[in-house]
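Step one of this worksheet: look at the structure below.
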Amino acid sequence: MTMTKAAYRPKLRALVAAAVVGAIALGCAGKTPERAADNYLNNLKMFNYPALYQMLSHSDQVDRTIEDFLKQIPLAPDVTAEWFKSVTHAVDYQVGQVRMEGDKAIVTIKVTRPDLALWERSVDAAETPGSTAESIAQHQLNNAEFPKVTYDDDMVLIKQGDDWRLVVDFPAKDNIAKMHKDAIDLYHKHDYDKAAQAYQNILAELDKEQATGNAGLKFTYQHEMADVLNAQKQIADAQAYIPKITLSDVDMKMAASRVPGIFGKMTNGGDKAIDEVQFTVTYSEGKGKRKKDVYSEVHVPIATPLEFTDFKRPVLPFVPGETRTFGFRLTAPADVQQNATPDLNITSIVFTQSAAPLPKPASPTPAASPAAAGATAAAAAGSPGAAPSPAAVEQTPAPPPPPLPKP
């Protein structure tokens, strides 16, 4: 995902004027790769954005205006404007050894920063009615009480004129971001083989060319891929766990917008935390030996993010003893919904891979309306092992729905 990292956005004219000053200051700052790296990191910690921009290679400056650069500052933490300054203050950079590869100087940068994904889950687990995730996170930043992670990143420099300048390759970074989104989508579809291959492809792309920040991205994506592979290894155990998730109060209703949906509650009766729950609604016609399935649709009412979400939403696994409500709209064609009987089952789950502390079981959350719930992970959290047919528990027949497009 692309996130705005600048903590403020001055007018472009002011930035350009400041860039001239930054360029003058750089005149004697980049004579060696080590000094250039140290100068860049000092300017990053001081939020001297014009000076940072002036340290880009000519090709990277051609590819990015200074305003676009502020959305994707190399080696900066991947957080939004609201958190940029606070989190950047919490990051420690140490300039290491330099190695030469052709015309490029590669400076090792030891980075110690908040473990963003682990930190977010820990903060959300600690939230209470009298606090917010934002207030807890800010308190932890102020007191350096957040979980940390340390890794080696690379600053890649090229000599242009008298100065060493950063090689970033923004178009390649944009492509990596798109590939990462695709990999995450495959994970949420529980297609682990394709998700793992997608991550392998990302790592191969990052190895194709030396560019600033690539080593840090590899570190992050390797850890995400490890979670995907662990989830894949746990498929048999996850399937055996499904009967421990029970459904209750399952009902098919028609919203005011005349969109049919299924609502209910689910309870985690086992001893494991769950990050993902997948429902399958199967429509069948006939009875006994003549019964045949004619249509199915998949819904993911629980889809806990694998990656850091910038505290934009609660990142809370479905914990043992917890009951959640769910609600989603049906997407089968109108003739299928009118003539076939739907049956709701849990078909897949994913155990929580994170080492973050688990939250206390929450009270059931209200189910979203079918019009708002959608057919994917945006629905409220819930899931059944094998629910009774919604048509059988519905007390008042819903009027025939309007035709719906095929998914």
- So which residues in the stretch 240-265 are in contact with a helix residue (DSSP H, G or I) (Cβ under 7 Å, 6 or more places away or on another chain), under 17 Å from Arg324 (Cβ atoms) and either at pLDDT 95 or above or aliphatic (A, V, I, L, M) (or both)? Val250, Ile262
- Message: Give me the residue from the stretch 292-312 that is among the hydrophobic types (A, V, I, L, M, F, W, C) and not in a loop (DSSP other than H, G, I, E, B) and, out of that set, farthest from Tyr187 (Cα to Cα).
- Response: Val294
- Query: Which ones in the stretch 284-329 are crowded, with 22+ Cβ neighbours inside 10 Å, more than 30 Å from Val79 (Cβ to Cβ) and hydrophobic (A, V, I, L, M, F, W, C)?
  - Reply: Phe326, Phe328
- Go through (1) farther than 30 Å from Leu56 by Cβ; (2) surrounded by 21 or more Cβ atoms within 10 Å (Cβ to Cβ) and name the single condition Lys265 misses. (2)
- Task: Considering only the stretch 129-157, state which residues are more than 30 Å from Gly102 (Cβ to Cβ), of a type in the set (D, E, K, R) and outside any helix (DSSP H, G or I).
- Result: Glu145, Lys148
- Message: Would you confirm whether or not the stretch 178-199 contains a residue that is touching a Lys or Arg at 6+ places or on another chain (Cβ under 9 Å) and not in a helix (DSSP H, G or I)?
- Response: no
- Note on the structure: Only unsatisfied item for Glu209, checking (1) modelled with pLDDT of 95 or more; (2) not assigned by TED's automatic domain parsing to the domain that holds Asp335, is (1)
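The values are calculated or read from the model by the stated rules, or taken from the named source; none is laboratory data. Bear in mind that the values here come from a model prediction, so they are computed numbers and not experimental data. Cβ: placed from backbone, ideal geometry, glycine included. Neighbour counts: every protein chain shown.
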